[in-house]
Amino acid sequence: MRTELSPRLKLALYGLLCVLAIPFVFPTWWMVTSSVKPISQIFAFPPELIPHTFDWSSYADVFRLQPFAQQYWNSCYIAAIVTVGTMAVSSLAGYAFARIRFPGSNLLFLVVLLGLLMPTEVTIVPLFQMSLKAGMVNTHWPLILVPMLGGMPSVFSTFVMRQFFIALPVELEEAARVDGLGRFKIFWTIALPLARPALAAVAIFTFLQSWNLYLEPIVYLTSPEKYTLPQALTQYVDVYQGPMWNIQLAAATLTALPVLVVFIFAQRQFIEGLAHTGLKG
Amino acid sequence: MAAVAIRNVVKRYGANTVIHGVSAEIADGEFVVLVGPSGCGKSTLLRMIAGLEPITEGEIEIGGRVVNELEPKDRDIAMVFQNYALYPHMTVEKNMGFSLEHRGASKAEIAGRVHWAADILGLGALLQRRPGQLSGGQRQRVAMGRAIVRNPQVFLFDEPLSNLDAKLRVVMRGEIKGLHQRLGTTMVYVTHDQIEAMTMADKIVVMNAGRIEQIGTATELYDRPANLFVAGFIGSPAMNFIPGPAMGQGAGITVGVRPEHFEIADGGLAGRVRLVEPLGSDTQITCDVDGIEIVAMFHRRVAATPGDTLSLRPLAGETHRFEASTGVRL
């Protein structure tokens, strides 16, 4: 039975939570406010939490110095394809591992899980060699195919989906079999619609992974018009290779925007999805 | 409607045999209950009839057709599951019409059948709700509705009342029985509750450890149990088993006496009263007779208190004799 907290204790707890939130909120606040400060004020001491003048020119410079719109589009469509593709692959694979008994299924699942233990740095050189041979260097294909078909996001998502489908009552599928459905229709009309919370978690996780991908783009991509956002952010430097802080922070604000929007709107489903799979953070 | 024949059916999981060659005939339109303790194989047998579990040996026939190799959808059966197995993301109406939809029925036909079933089960006002918005009893009715819209040859029920409270169980028991009388369709019903079995069944199949112990009507099983297991399983409170010598019989005999077949009269077993349970019109008394616990039930009020000594005499012609070593009725 839950005990009702006293108002004083509640207030103290909220106060504590606010203090604990500072390390997470402050960098975001600093990024957004600094993006509209003149460069001379960014490192002023004491720091100005609310700028007294607003300089929007850095936002114009973001688009003037690089094909930022094109790079934004690159990140958007790559993340979208990877997200949808990973949802499809991981839900099918997760369902198969959860429900279809075939010889060696557990061993195969273990092999798939081993993918989580393999650091990207270990696999990136052979993958680069393969991409080179396939003529895919300086294209977006490695950034789409690798995470979707065998990278960490798809392995993790397969695990999440498998856990969800295992928890789904078998009787639902048996009822569907009696009702006249075959294996794929059971997956499509019964299991998948019920897996919405898990799919939402997979979608958000995969989208963020793809959106934030940094090492792979700098290995595979060489032309600025092919860059994705994390890679593009590093290109806002002056002639001495020093960062142009206000422009970089303006670009970073624009980059963080969709992620914040996605998380604000889908945080409940994201947490529910992970709770369903028993993967509480 | 169809008859069901189960012939020498065996079920093995690896080296473990859970059904040992059982055979039973279920007549067209009959209400048959498979009853037995947990793990006796009754649900496995039902699932084999449904096609949800492969048959290791033997054959199952539905409506004169061997169905061993047929998928559940091709057996023309409908099943009600223990946890109802309603699709949580669909409305009651959609749940009930789902099977018809996937069998290519027209929208008008689906609507007609769903509303017919909803009328029978009193679900008319709930058609647009989702299962999560229903009570246990309502979900149970929807599960039955989903089964009857298809007008199958055989209904299969897998402990459908075990998630309901005692009061609702009695109500739903009556509803299922009423449904059988109304539709006249063959029903095979699994339960571990012998009261449910006795009140509902035309014929009861008593199972134990993967074998059929006895098949018969409720009164046949009650009046002439084939062995000690059936004698002890059917009837509540359970039959008393008394070693033969205590009843003037041979050492290899076990005598069974039902609790209501005792009278308080001279010349009986001297029992020290341990517990008196007044049940309104009846009185249940538990006595200790030379270390053997005897339960007696009297359809009247008995003025006895713990520590008293009663002489419990079995009614003439109401004792059952079993061979102690095999448990078989003599």
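Values quoted throughout were computed directly from the atomic coordinates according to the rules given, and no laboratory measurement underlies them. Everything numeric here is computed off the predicted structure, so don't read it as measured data. Here the Cβ is made from the backbone with ideal geometry for all residues, glycine too, and neighbour counts use every protein chain on show.
Once you have a ≥ b ≥ c as the square roots of the Cα gyration tensor eigenvalues for the range A:1-96, tell me rounded if a/c is under 1.5, and otherwise prolate or oblate according to whether a/b is larger than b/c.
In terms of gyration-tensor shape, oblate.
In whole angstrom, how far apart do the alpha carbon centroids of the range A:1-69 and the range B:240-268 sit?
Each part's Cα centre sits 87 Å from the other's.
Return a whole-number percent for the relative contact order of chain B, with Cα pairs under 8 Å and 6 or more residues apart as the contact set.
17
Where the centre of each part is set by its Cα atoms, how far does the range B:188-203 sit from the range B:302-330, in angstrom?
Taking the Cα centre of the range B:302-330 as reference, the centre of the range B:188-203 is 26 Å away.
Anyone know which of A:Phe45, A:Phe205, A:Phe165 comes out most mobile in the 10 Å Cα GNM of chain A?
In the Gaussian network model the winner is A:Phe45.
With +1 on the Cβ of every Lys and Arg and -1 on the Cβ of every Asp and Glu, and nothing else charged, how large is the dipole of chain A about its Cα centre, in debye rounded to the nearest 20?
That gives chain A a dipole magnitude of about 660 debye.
Using r as the Cβ-Cβ distance of B:Asp282 and A:Leu13, and R0 as 56 Å, what FRET efficiency do you calculate, to the nearest 0.05?
Efficiency for this residue pair is about 0.45.
Can you tell me, using C-alpha contacts under 8 Å and at least 6 residues apart, the relative contact order of the range A:60-280 as a whole percent?
Answer for the range A:60-280 is 34 percent.
Just B:Leu46, B:Leu164, B:Leu86 to compare: in a GNM of chain B, with alpha carbon springs under 10 Å, which one fluctuates most?
B:Leu164
List the residues of the range A:144-180 whose backbone N lies under 16 Å from a point placed 7 Å from the Cα of A:Val111 along the Cα-to-Cβ direction.
Under 16 Å, as judged by backbone N against the label point of A:Val111, lie A:150-151, A:155 of the range A:144-180.
Given the options B:Leu310, B:Ser135, B:Ala201, identify the residue whose Cα lies farthest towards the positive end of the charge dipole of chain B (+1 on Cβ of Lys, Arg; -1 on Cβ of Asp, Glu).
Value: B:Ser135.
Excluding residues on the same chain fewer than 8 positions from B:Lys167, give the aspartates and glutamates whose Cα lies under 18 Å from its Cα.
Output for B:Lys167: B:Glu159, B:Glu175, B:Asp193, B:Glu196.
Using 22 Å as the Cα-Cα cut-off, could you pick out the over-long pairs in B:Lys11/B:Lys42; B:Lys73/B:Lys94; B:Lys73/B:Lys177; A:Lys185/B:Lys73?
B:Lys73/B:Lys177
Between B:Lys167 and B:Lys94, what is the label-to-label distance in nm when each label sits 7 Å out along the Cα-to-Cβ direction?
It is 3.4 nm.
Rounded, prolate or oblate for the range B:120-192? Axes are the square roots of the Cα gyration tensor eigenvalues, ordered a ≥ b ≥ c, and the cut-off for rounded is a/c under 1.5.
Taking the square roots of the gyration eigenvalues as a ≥ b ≥ c, the range B:120-192 is oblate.
Just want the answer: with Cβ charges of +1 for Lys and Arg and -1 for Asp and Glu, which residue in A:Leu233, A:Ser210, A:Pro103 is farthest toward the dipole's positive end in the protein assembly as shown?
Final value for the positive-end residue is A:Leu233.
Take each uninterrupted DSSP H stretch in chain A, measure its Cα extent along the helix axis, and return the ones at 20 Å or beyond whose mean Kyte-Doolittle hydropathy is at least -1.0.
Flagged H segments are A:7-34, A:68-99, A:152-167, A:196-211, A:245-276.
Using Cα centres only, tell me the gap between the range A:144-187 and the range A:90-107 in whole Å.
8
Top mean-square fluctuation among B:Tyr84, B:Tyr222, B:Tyr13, Gaussian network model of chain B, C-alpha springs under 10 Å?
Ranking B:Tyr84, B:Tyr222, B:Tyr13 by mean-square fluctuation puts B:Tyr13 first.
Between B:Thr17 and B:Ala238, how many nm apart are label points set 7 Å from Cα along the C-beta direction?
Going by the 7 Å Cα→Cβ label model, 2.6 nm.
With r as the distance between the Cβ atoms of B:Lys177 and B:Val328 and R0 = 25 Å, compute the FRET efficiency 1/(1 + (r/R0)^6) and round to 0.05.
Efficiency computed from Cβ-Cβ geometry: 0.15.
Positive end of the dipole of the protein assembly as shown, charges at C-beta (+1 Lys, Arg; -1 Asp, Glu), about the Cα centre: which of B:Ala24, A:Leu113, A:Ile247 has its Cα farthest in that direction?
Checking the options against the dipole of the protein assembly as shown, the answer is A:Ile247.
Across peptide B:73-80, how many C-beta atoms of other chains are within 10 Å of each residue C-beta, on average?
3
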